[in-house]
Amino acid sequence: MAKRRGAWRERAPATAPAGRGQAKSRALSAGQGGAILGLWLGACGPEADVPADLEPRPSADVEPAPAPAPAGDTVVIALRRLPGGLDPAGELDPWGQRVVDDLLFEGLTRRLPDPPWAEPALAERCLAFHDGRGLACKLRAGARFHDGSIVTIEDLLYSLNLWIGNRGVNLRQRYAMDDLKTVEAGPPPGESGDGWVRLGFAHADPLALERVAAMKVVPRGRHAASARFGQHPIGSGPMQLSQQTEDRLVFTRTSPAPGLARQIELRAMDDGAAALTALRRGEVHVLPEVAAAHVPRELGKPGMAARFTAFLLSPPRYDMILYNLREGPQAGPRMRSALDQAVPRAEIAAAVQGVPGHPVTAPVDLLSPTEVDLRAIAEDRVAEAGLGPFARAADLAADAEGRVAADLVLAELGWILDRGLRRRGTATLRLPLAWDGSPGLAAGTARVLRAAWKQLGVQTPSVTAGWAYLLSLLRAGKFNLALVRLAGSSDMDLAPWFHSRGAHNLSGVADGELDRALEAYRVAGSRTARDGAKAAIAARLAVLHPVTILYAPAQVLLASRALTGLGFVDDLPRLDRLGLTAAPQALLHSGGG
């Protein structure tokens, strides 16, 4: 299943300071041009002349790249590895997505965690049409890229057209914008003037204004001329890449923002113990993923609660089995239930992932970041600390109990265990497992899963090939089981994957109740309604079993109490709102090493 990122829900813990600098937006009633929703933002200055040439050129009135900031102005985040690339039109890992969204680039709109779900960014104004099959946005006057060049309508058209036609297939699939069909210059009906662009969709899409936030704008000349744009990114976001080495990326703010960090530094630290030591010394301010070996012991050391806050997170990433519901033995719901019960989840978490997982039954993120009580850990009240799966030992006995339950279901279905194989009449239960053969986590998961099912007498030979070929088989319904990962956002529109008419409904699931829940999510007008729809989707998917969740990651984040503006987007810190109350050296004391 292709990765998709983009739709996000920002979730700030109750104890976190409120974010700053959000542009205001307001929803309008029906107006000119057939608009049912209007998003507005005052222009940043007078109308600027658009240069005739398309190459970026410096501007004399733009401040040069800032000098390195003092330590107290720099928030340092320790990552196991740095983002692989920062081209918004390329593949992005979760941290690359956060940097692209929060620091380097802007789309016409920016997503919001609450209604109206989007606000203007590079757009001065956006209008969605009555029929839901199009929208128009007017480029904000005076917007500039980090190199000083003005953002032009040509840059905008170039960036949006990266999503059109054959070359944009992967982008459209990744961000669930398969219905995007046209991009063209010009105002919508009832409007006039330059700087307008119109987007057309094959079908009505109530989430269009949210989705276009993923369409980041890049300088046409630089992006078209360089295959290494992701290593030397230029955007119009609040920060620019000012320094990069093998083990760190430094982003510097392009204009002063009182109370916010002047610089954000991502530092690669793959040694969990070294990262913890750097955090305690004040050299690092955020450790997004504490090594499982250090939870909970290191969290309860003296002084930790006074100096740090911790959160239990549930990144929206799911390793799972996708079933073909059209034909084959696994098409029956009871067979899928038996296979699900026999999944050795505890063994996968302990022996393959090395980190406990959240016990979820559907790829829907219903868990918000929750603060961990470090004082409870220090007082040896670990069960009360809010560590979730980290507070429990791997329950290998539950894996064995699941296989016993699965054996009973298979026997009831007439599949009898005969000399190590499940047989019904002359047929043998054989369910080929399609996956891409990649080493590491995928190989380990496939090995453990196939071994568990083999104990039940179920044959699951591997069918491995390149992902593009496997995807063609899945789209044609020519598979039994597939090992896939769905990575997206906490607010993920799952209609493309699980609606009966979804563009990526690879399993072939078709259920009226599920369709209604998915449609309710797309038209939800409040946070409560959207969360209620998500809960209904999760409940129905758990009943239908078009997928079996093998592993849903859990992680613990540690942050210095000197950090301000900590809020979460897709269970990662939102970067552009971070700041420091004091230089890290001021927090050092004898406790906590």
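Rg and Dmax of the stretch 205-308, using alpha carbons, in Å: what are they?
That works out to 18.9, 55 Å for Rg and Dmax.
If you average 1/r over all unlike Cα pairs in the stretch 134-276 and invert the result, what Kirkwood radius do you get in angstrom?
This gives a value of 17.6 Å.
Once both axes come from the Cα atoms, what is the angle between helix 396-412 and the longest principal axis of the chain, in degrees from 0 to 90, rounded to 10?
60
Quick one: if you stick a label point 7 Å off each Cα along the C-beta vector at Val543 and Arg423, how many nm between them?
It is 3.8 nm.
Please give the residues of the stretch 80-115, grouped as numeric ranges, whose backbone N is less than 13 Å from a label point set 7 Å along the Cα-to-Cβ vector of Asn170.
Counting backbone N atoms under 13 Å from the label point, the list is 85-93.
Translational diffusion coefficient of the stretch 100-167 at 4 °C, 1.567 mPa s, Stokes-Einstein with Kirkwood Rh over Cα pairs, in µm²/s as a whole number.
96
Give the angle, between 0 and 90 degrees and rounded to the nearest 10, that separates the Cα long axis of helix 527-544 from the longest principal axis of the Cα atoms of the chain.
Orientation of helix 527-544: about 30 degrees from the principal axis.
Compute, for the stretch 318-426, the length of the dipole vector about the Cα centre, with Cβ point charges of +1 (Lys, Arg) and -1 (Asp, Glu) only. Units Debye, rounded to 20.
Dipole size: approximately 680 debye.
To one decimal place, what orientation-averaged projected area in nm² is obtained for the convex hull of the Cα set of the chain?
With the hull built on Cα positions only, its mean projection is 27.3 nm².
Quick one: angle between helix 272-281 and the longest Cα principal axis of the chain, in degrees between 0 and 90, rounded to 10, please.
Orientation of helix 272-281: about 40 degrees from the principal axis.
Assigning unit charges at the beta carbon (Lys, Arg +1; Asp, Glu -1) and nothing else, what dipole magnitude in debye, to the nearest 20, does the stretch 475-551 show about its Cα centre?
Using Cβ point charges on Lys, Arg, Asp and Glu, the stretch 475-551 gives about 180 debye.
Which number do you get for Rg(Cα) / (2.2 N^0.38 Å) in the stretch 167-231? Provide the component values of the computation, followed by the final result.
Working: Rg = 14.1 Å, N = 65, 2.2 N^0.38 = 10.7 Å.
Working it through for the stretch 167-231, the quotient is 1.31.
Return the distance in nm (one decimal) between the two label points of a simple spin-label model at Ser337 and Leu157, each offset 7 Å from Cα along Cα→Cβ.
For Ser337 paired with Leu157, the spin-label model returns 5.9 nm.
Determine the gain in length on full extension of the stretch Ala224-Glu184; use 0.36 nm per residue of separation and subtract their C-alpha separation, reporting nm with one decimal. Working shown, then result.
Details: separation 40, 0.36 × 40 = 14.40 nm, distance 1.90 nm.
Between Ala224 and Glu184, full extension yields 12.5 nm more.
So what is the relative contact order for the stretch 81-240, in percent, with contacts set as C-alpha pairs under 8 Å and at least six apart? Don't skip to the end; give the middle numbers.
Numbers: 299 pairs, mean separation 51.6, N = 160.
Contact order relative to length: 32 percent.
Once you keep just the Cα pairs under 8 angstrom separated by 6 or more residues, what percentage relative contact order results for the chain?
For the chain, the relative contact order is 22 percent.
Which percentage, to the nearest 5, of the DSSP beta bridges contained in the chain is antiparallel? If you can, show how the numbers build up before the last one.
Working: 69 of 82 bridges.
The answer is about 85 percent antiparallel.
For the chain, build the charge dipole from Cβ charges (+1 Lys, Arg; -1 Asp, Glu) around the Cα centre, then report which of Thr361, Ser337, Leu456 sits farthest towards its positive end.
Leu456
Could you tell me which of rounded, prolate or oblate describes the stretch 251-311, using a ≥ b ≥ c as the square roots of the eigenvalues of the alpha-carbon gyration tensor, with rounded for a/c under 1.5 and, failing that, prolate when a/b is larger than b/c and oblate otherwise?
Verdict is prolate for the stretch 251-311.
Quick check: Cα centre of the stretch 163-180 to Cα centre of the stretch 264-316, how many Å?
38
Let me check something: with ligands and nucleic acids excluded, how do Ser159, Ser192 order by accessible area (1.4 Å probe), largest to smallest?
Ser192, Ser159
If you average the alpha carbon positions of the stretch 402-470 and of the stretch 542-575, how far apart do those two centres end up, in angstrom?
Going from one Cα centre to the other spans 31 Å.
Given Phe498, Gly508, Gly477, which one lies farthest toward the positive end of the charge dipole of the stretch 471-513, if we put +1 on the Cβ of every Lys and Arg and -1 on the Cβ of every Asp and Glu?
So the residue furthest toward the plus end is Gly477.
If each of Ala520 and Arg501 carries a label point 7 Å out from its Cα toward its Cβ, how far apart are those two points in nm?
My value for the distance between the label points is 2.0 nm.
Would you compute, for the Cα atoms of the stretch 436-546, the largest minus smallest coordinate along each principal axis and list the three values in descending order, in whole Å?
For the stretch 436-546, the Cα extents along the three principal axes come out at 45, 28, 26 Å.
Determine the relative contact order of the stretch 273-384: mean sequence separation of Cα pairs under 8 Å and six or more apart, normalised by residue count, in whole percent.
Worked out over the stretch 273-384, it gives 40 percent.
Assuming R0 = 35 Å, can you tell me the calculated FRET efficiency for the pair Glu379 and Asp147, based on Cβ-Cβ distance, to the nearest 0.05?
So, using R0 = 35 Å, E works out to roughly 0.05.
Go ahead and collect, in residue order, the members of the stretch 347-391 whose backbone nitrogen is under 11 Å from a label point 7 Å along the Cα-Cβ direction of Leu441.
Counting only backbone N, you get 353-355.
Farthest toward the dipole's positive end in the chain, which of Gly195, Gly328, Ala552, given Cβ charges of +1 (Lys, Arg) and -1 (Asp, Glu) about the Cα centre?
The Cα lying farthest towards the positive end belongs to Gly328.
Pop the C-beta distance of Ala273 and Ala204 into the FRET formula with R0 = 41 Å and round what comes out to the nearest 0.05.
It comes out at approximately 0.15.
The values are calculated or read from the model by the stated rules, or taken from the named source; none is laboratory data. Predicted, not measured: the structure shown is a model, and the values here were computed from it. In this analysis, Cβ positions are derived from the backbone assuming ideal geometry, glycine residues included, and neighbour counts consider all displayed protein chains. When the accessible area is computed, the model is the full protein with side chains, heavy atoms only, and any ligands, DNA or RNA have been set aside. Shrake-Rupley method; radii C 1.70, N 1.55, O 1.52, S 1.80 Å.
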